[in-house]
Amino acid sequence: MSGSDEGARPQPAPVGSWQTVVTAREPVGPRAVLLTVLLPGRALPLAPGQFVMARAWSAPDPLLRRPLAPFDVRVRADGTQLDLLVVAGGRGTRRIAALEPGATLDLLGPLGRGFGPLPAGRPVWLVGGGVGVAPLHHMVAELVRREEAERLSRLHVVLGARSGEALFGREAFEAAGLPVLLATDRGDVGLRGTAIDALAQRLAHADDGSAIPYVYGCGPEPMLRALVALCRERGWQGEVSVERYMACGFGVCFTCTCEVREPDRGRVHRVRSCLEGPVFPIERLAW
Ligand SMILES: Cc1cc2nc3c(=O)[nH]c(=O)nc-3n(C[C@H](O)[C@H](O)[C@H](O)COP(=O)(O)OP(=O)(O)OC[C@H]3O[C@@H](n4cnc5c(N)ncnc54)[C@H](O)[C@@H]3O)c2cc1C
Ligand code: FES
């Protein structure tokens with residue numbers, strides 16, 4: 001699934017290493033940028049929640065690519081445009097976030113398993129922490145492009161971050177007509193607390209026989225663990241995109257493993273989140 005503009009579609013790209021060119025760079029916070037890159041002449045069909053491994057340097061320093069789940073992907077007549085929300089944290093993301101228009105960015109992908117389709121007839125909550133909003137926005141952008149009015153009408157968004165300057169994507173969700181709840185640890189914007197506090201408060205009375213909510217989450221692991229715990233307590237279903245260090249992104253290094261429970265025998269074992277995830281159904285996670 002990937003956004004598509006009118007016009008002849010370019011050839012779909014298999015999984016591979018692709019040279020993209022930065023076409024725009026918009027600062028969206030003190031350490032965050034929205035980078036727009038173009039892969040000329042190819043369709044790179046990433047589903048929301050899938051990711052690419054990005055490299056803006058020649059090895060060996062830094063050695064490893066960094067995983068990024070796009071904020072949006074549009075297949076156009078002249079290639080694929082990807083919007084990447086990048087927060088400059090460590091050495092790799094700082095280098096990527098500093099790229100200026102005209103620079104090249106090497107992307108390995110598409111990788112991983114993304115979010116599943118929206119369940120029919122149920123209220124859906126998108127819960128994003130910080131930069132974790134990116135694949136949730138990608139999901140909404142796809143629905144907007146396909147004019148899926150019924151599905152969009154069932155969506156609600158909760159965004160959380162340490163402070164207001166680290167809340168991303170609010171305007172884009174509101175422009176799509178979605179209600180947005182905000183929470184910050186500092187309390188400078190929205191509720192003082194976490195996105196999960198905001199969700200729990202807002203749905204305090206959802207056990208009253210109305211349709212059971214379905215949740216899509218992406219963000220830092222403490223937030224996701226709290227979200228999973230809340231869903232289990234309330235009997236909600238959903239899926240979350242886990243964030244693990246990823247050294248390769250395609251199943252070779254085992255740095256990204258995550259504990260899951262198999263539904264049949266309840267056996268707990270570790271799977272590679274770059275292959276079987278990063279998106280997992282909540283009931284499968286052994287958290
Ligand atoms: C699926 C996924 C999607 C993501 N999407 C985004 C996004 O859209 N935007 C964004 O800003 N961030 C995103 N991230 C997070 C981003 O990739 C991390 O911030 C980044 O990997 C850390 O890199 P750094 O250069 O900031 O930090 P650094 O500290 O320089 O590097 C950390 C990197 O070093 C390696 N590393 C460090 N410790 C270990 C270890 N113990 N084992 C193995 N390797 C190690 C890994 O490559 C790791 O990525 C995503 C992460 C995942 C897993
Ligand atoms: S990142 Fe190497 S196996 Fe998953």
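The values are calculated or read from the model by the stated rules, or taken from the named source; none is laboratory data. Predicted model, so just to flag it, every value in this text is computed and none were measured. Here the Cβ positions follow ideal geometry from the backbone for every residue, glycine too, while neighbour counts run over all protein chains shown. Side chains included, ligands, DNA and RNA excluded: accessible areas come from the protein's heavy atoms. Shrake-Rupley method; radii C 1.70, N 1.55, O 1.52, S 1.80 Å.
If packing is taken as the average number of other Cβ atoms within 10 Å across a peptide's residues, how do 237-249, 23-35, 85-97 rank, most packed first? Spell out each step's value before the answer.
Values: 237-249: 20.5, 23-35: 16.5, 85-97: 18.7.
In descending order of packing, they fall as 237-249, 85-97, 23-35.
For the chain, modelled as a Gaussian network with Cα springs under 10 Å, which listed residue fluctuates most, GLN19, GLN50, GLN201?
Among GLN19, GLN50, GLN201, the largest mean-square fluctuation in the Gaussian network model of the chain belongs to GLN201.
Considering the dipole of the stretch 17-157 built from charges on the beta carbon (Lys and Arg +1, Asp and Glu -1) around the Cα centre, which of LEU118, SER17, PRO62 is farthest to its positive end?
Of the options given, the answer is PRO62.
Quote to one decimal, in nm, the extra length available between GLU221 and ALA175 on full extension: 0.36 nm per residue of separation minus the C-alpha distance between them. Walk me through the numbers on the way to the answer.
Working: separation 46, 0.36 × 46 = 16.56 nm, distance 2.83 nm.
Taking 0.36 nm per residue and subtracting the Cα distance, the gain is 13.7 nm.
Between the helical axis of 133-145 and the dominant principal axis of the chain, each derived from Cα atoms, what acute angle in degrees is found, rounded to the nearest 10?
With rounding to tens, the tilt is 90 degrees.
Taking H as built 1.01 Å from N, whose amide H comes closer than 5 Å to the amide H of TYR216, not counting residues under 5 places away?
TRP125, LEU126, VAL127, GLU239
Expected output is a single nm value to one decimal: the length gained when fully extending between ARG261 and GLU26, i.e. 0.36 nm times separation in residues minus the C-alpha distance. What is it?
Numbers: separation 235, 0.36 × 235 = 84.60 nm, distance 4.14 nm.
That pair, ARG261 and GLU26, stretches by 80.5 nm at full extension.
Counting only helical runs of four or more DSSP H residues, what would the 222 nm mean residue ellipticity of the chain come to if each run contributes -39,500 (n - 2.57) and the total is spread over all its residues?
Working: 7 runs with 57 residues, N = 287.
Taking each H run of at least 4 residues, the total per residue is -5500 deg cm²/dmol.
Apply the Karplus curve 6.51 cos²θ - 1.76 cosθ + 1.60, θ = phi - 60°, to the phi angles in the stretch 184-190 and return the couplings in whole Hz, x for Gly and Pro.
For the stretch 184-190, the Karplus curve yields 9, 4, 6, x, 6, 9, x Hz.
Using amide H atoms built in the peptide plane, which far-off residues or other-chain residues are under 5 Å from MET246 H to H?
Under 5 Å from the amide H of MET246 lies no amide H from a residue far enough along the sequence or on another chain.
Check LEU181: other-chain or 5+ apart residues with amide H under 5 Å from its amide H, H built from backbone geometry?
VAL157, VAL158, LEU159
What does the charge dipole of the stretch 61-152 about its Cα centre add up to, to the nearest 20 debye, if the Cβ of each Lys and Arg holds +1 and the Cβ of each Asp and Glu holds -1?
On the way: 12 positive and 10 negative charges, 58 e Å.
My answer is approximately 280 debye.
Solvent-accessible area per residue for the chain at a 1.4 Å probe radius, Å²? Don't skip to the answer; put the middle values down first.
Values: 12850 Å² over 287 residues.
With the other protein chains kept in place, the chain gives 45 Å² per residue.
Could you tell me which residue out of VAL37, ALA88, GLY102 lies farthest along the dipole of the stretch 1-156 toward its positive end? Charges go on the beta carbon: Lys and Arg +1, Asp and Glu -1, centred on the Cα centre.
ALA88
Assigning unit charges at the beta carbon (Lys, Arg +1; Asp, Glu -1) and nothing else, what dipole magnitude in debye, to the nearest 20, does the chain show about its Cα centre? Let's see the in-between values first.
On the way: 33 positive and 30 negative charges, 146 e Å.
Here the size comes out at about 700 debye.
Rounded to the nearest 5, what % of DSSP beta bridges with both residues in the chain are antiparallel? Spell out each step's value before the answer.
Details: 43 of 71 bridges.
Counting only bridges with both partners in the chain, antiparallel ones make up about 60 percent.
With a 10 Å radius around each residue's Cβ, average the other Cβ atoms per peptide and rank 270-281, 139-150, 224-235, highest first.
Working: 270-281: 20.3, 139-150: 16.2, 224-235: 17.9.
Ranked by mean Cβ neighbours within 10 Å, highest first: 270-281, 224-235, 139-150.
Under a Cβ-only charge scheme (Lys and Arg +1, Asp and Glu -1), can you give me the dipole magnitude of the stretch 169-278 about the Cα centre, in debye to the nearest 20?
That gives a dipole near 320 debye.
Show me, for the stretch 87-103, the HN-Hα J-couplings you get by feeding each phi into the Karplus relation (A = 6.51, B = -1.76, C = 1.60, θ = phi - 60°), rounded to Hz, glycine and proline as x.
Ordered by residue, 3J(HN,Hα) equals 9, 6, x, x, 4, x, 5, 5, 5, 5, 5, 7, 4, 10, x, x, 6 Hz.
If you plug each phi of the stretch 23-38 into the Karplus form 6.51 cos²θ - 1.76 cosθ + 1.60 with θ = phi - 60°, what whole-Hz ³J(HN,Hα) values come out, in order, with x for Gly and Pro?
10, 7, 9, 10, x, 10, x, x, 10, 10, 9, 9, 9, 9, 10, 10
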